[in-house]
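J.: Got a structure for you, written out below as structure tokens; questions coming shortly.
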Amino acid sequence: MGVLRSLALLAGLALATSASAHVSVQPATAAAGAYQVLRFGLGHGCDGKATTALRIEIPAGTSVARPQPKPGWLLTVERGAGEAVTAIVWRGGLPADHFDEFLILAKLPPGEGPLAFPAIQTCGEVQNRWTETAPPGAARPKYPAPTVILTPAPAAAGPHH
């Protein structure tokens, strides 16, 4: 039991460290083509300043993107040609020493591999642009975009008898 507690504690610390370093997304992996709730974690403000907006850009091929409203935050859904959602923006106030999560229900694209959701964190006049990506095997960028690894879709279940 002690080993399980230690592993759970280490996993929690890793998530906390990850969330405090940038805008993170959970889960880290999801089935290609599936509906998935994505939790974007924001672990801090910008150099001691409160976060006043978070913009999540929706990658091409994501056919559904529905944000969860947050009490006290103004929500904007930006759309491109054909009414596809291109970005979701929350505007409000989150003190620099607090954290929060912003949720989106998405229907993920059918292809496998990394899927980046570039994020822009605004703190008044300052922006942290978490938009950089790197090819597999390359060094982690300084300002990494939240990324979900799309895995093969599960095989369809056969008919019930």
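The values are calculated or read from the model by the stated rules, or taken from the named source; none is laboratory data. Note that the structure is predicted; figures quoted are calculated from it, not measured. Counting neighbours? That spans all protein chains shown, and the Cβs are built from the backbone with ideal geometry, glycine included. Ligands, DNA and RNA are excluded from the accessible area calculation, which covers all protein heavy atoms including side chains. Shrake-Rupley method; radii C 1.70, N 1.55, O 1.52, S 1.80 Å.
J.: Residues of region 95-137 with backbone nitrogen within less than 17 Å of a virtual label 7 Å along the Cα-to-Cβ line of residue 47, please, listed as ranges.
T.: Within reach of a label on residue 47: 96-97, 121-130.
J.: Counting pairs of alpha carbon atoms under 8 Å apart in space and at least six apart in sequence, what relative contact order in percent does region 84-151 give?
T.: Working: 66 pairs, mean separation 19.5, N = 68.
Relative contact order here is 29 percent.
J.: Compute the accessible area per residue over region 79-161, keeping the other protein chains in place, probe 1.4 Å, unit Å².
T.: Accessible surface, normalised per residue, equals 60 Å².
J.: If I stretch the segment between residue 99 and residue 28 completely, what's the gain in nm (0.36 nm per residue apart, minus their alpha carbon distance), one decimal?
T.: So the extension gain works out to 23.7 nm.
J.: Give me the percent of accessible area attributable to carbon and sulfur for region 27-161, probe 1.4 angstrom.
T.: 56 percent
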